1. Hey, among B:LYS15, B:LYS37, which residue is outside any loop (DSSP other than H, G, I, E, B), among the basic types (Lys, Arg) and closer than 16 Å to B:VAL184 by Cα?
2. Anything in the range B:54-69 that is more than 17 Å from B:THR18 (Cα to Cα) and either under 16 Å from the mean Cα position of the chain (by Cα) or of a type in the set (D, E, K, R) (or both)? List them, or say none.
3. Is the range A:75-83 home to any residue that is more than 10 Å from chain B (Cβ to nearest Cβ) and under 22 Å from A:THR18 (Cα atoms)?
4. Looking at the structure I just gave you, is A:LEU87 at the interface with chain B (Cβ under 8 Å from one of its Cβ atoms) and within 18 Å of the chain's Cα centre (by Cα)?
5. If you go through the range B:105-140, how many residues are more than 10 Å from every other protein chain (Cβ to nearest Cβ) and within 16 Å of B:VAL70 (Cα to Cα)?
6. Mind telling me which of the residues B:ALA97, B:ALA113, B:ALA157, B:ALA101 ends up being of a type in the set (A, V, I, L, M, F, W, C) and touching a Lys or Arg at 6+ places or on another chain (Cβ under 8 Å)?
7. Output the residues belonging to the range A:100-114 that are under 18 Å from A:PHE200 (Cα atoms) and not charged (D, E, K, R).
8. Residues that are at pLDDT 95 or above, buried (at least 22 other Cβ atoms within 10 Å of the Cβ) and aliphatic (A, V, I, L, M), at least 2 per element: which strands (runs of 3 or more DSSP E) completely within the range A:57-171 meet that?
2 protein chains.
Amino acid sequence: MQRTLIIGASGQIGKQVTQLMLDGGHFATALVRDKSKLSDVQGNTLSIVEADLTEDFGHAFEGCTEVIFVAGSGGDTGADKTLLIDLWAACRSADYAKKHAIQHFIMVSSIGADAPSNGPNEMQPYLVAKHMADEHLIRSGLHYTILRPGSLTNDDAKGSFSDERPKDKSEAVITRADVAQALVYLAGDNRQDSMIKELFNGGKTLTEVLR
Amino acid sequence: MQRTLIIGASGQIGKQVTQLMLDGGHFATALVRDKSKLSDVQGNTLSIVEADLTEDFGHAFEGCTEVIFVAGSGGDTGADKTLLIDLWAACRSADYAKKHAIQHFIMVSSIGADAPSNGPNEMQPYLVAKHMADEHLIRSGLHYTILRPGSLTNDDAKGSFSDERPKDKSEAVITRADVAQALVYLAGDNRQDSMIKELFNGGKTLTEVLR
């Protein structure tokens, strides 16, 4: 049986991807610090594990076959939390995934994580954390997909995508709803090769962009 | 000709190791952001390169055969600087070192960097940064020595060392002056195997501890 562990399931993208997974009949384990924050997510195939990502959370991986890491310390917390969540919890998730023979690890990264020094000054510490977390996953030996969305917006899903970075930075955006759709697509995918993809709203279907 | 690049040469350990290198007749290149901070360091075999570790500093490696990374963002700066200096500048230093065929990379790490989750809560973000920087160096293919000193003090050099972690945490200390001595010892060493060593004040000589 396939079961997807969603790490950071009560976040802005996390909630949407969790609900979409449940709507599609997938078995999902939502890893959250506070399950009351998931009260508006509903589905018969949902399990919830409460754990703090700065503590041990290896037990959440039991019985899971796939991982979506969509946890983030958020814009309001300091860089100390960026180190503990975006970097360290991501690395430990990959380590736990190895131990539990997870078949596919889907990481929500960020545009610019490939080259932190080229990013805007105020983004560089965050991009360093994402870069190092991605590197750790790449070197883990796990089968992985690293998704690097453009600037995130809260608009409604557009259902149209691109993996080519727009020349105009202001167009390098994607809705959180569309990122959630892409994650569900990847979760159901059975490709065997690992990949790294930037993702924006654009003019193509998910199949065109992610196959 | 041997020439040692000291990254972070105007820091508390950096200054002492730079002066000791010069006193021993070694050729040293001091990489600092502001050379006026090195005005009290003297020697005929000293070169100074001014560069910001958050910018490009690859030119500092030219003509060098060895690197001592002793830069740190310091206790007064935020975790954003920990990400940019202790982690990212360290990773980039290893990358530059590879490009310049550096023969030996000596990293000043920290006790606890092996297992950040086991450290005191307030130290964990810093230990994550040091852990990931060490990992990057280990995987770089460079010949390396990673030194993990205990809690640093400003006492005078004791000249006696241990690589066994004391049971009593309050004894897991070492003076910065002794760390500087250890770095000079390592810089002159011609061992070919890489190693990771914790270092404290204790009852042994440097040769007994580091050979």
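1. Answer to the selection: B:LYS15.
2. Residues satisfying the conditions are B:GLU55, B:ASP56, B:GLU62.
3. The answer is yes, given that some residue of the range A:75-83 is more than 10 Å from chain B (Cβ to nearest Cβ) and under 22 Å from A:THR18 (Cα atoms).
4. Yes: the conditions hold for A:LEU87.
5. Total satisfying the criteria: 11.
6. Answer to the selection: B:ALA113.
7. Of everything in the range A:100-114, those that are under 18 Å from A:PHE200 (Cα atoms) and not charged (D, E, K, R) turn out to be A:ILE106, A:MET107, A:VAL108, A:SER109, A:SER110, A:ILE111, A:GLY112, A:ALA113.
8. A:66-69, A:104-108, A:144-149
The values are calculated or read from the model by the stated rules, or taken from the named source; none is laboratory data. Keep in mind that what you see is a predicted model, and the values were worked out from it rather than measured. So basically every Cβ, Gly included, is an ideal-geometry build from the backbone, and we count neighbours across all protein chains shown.
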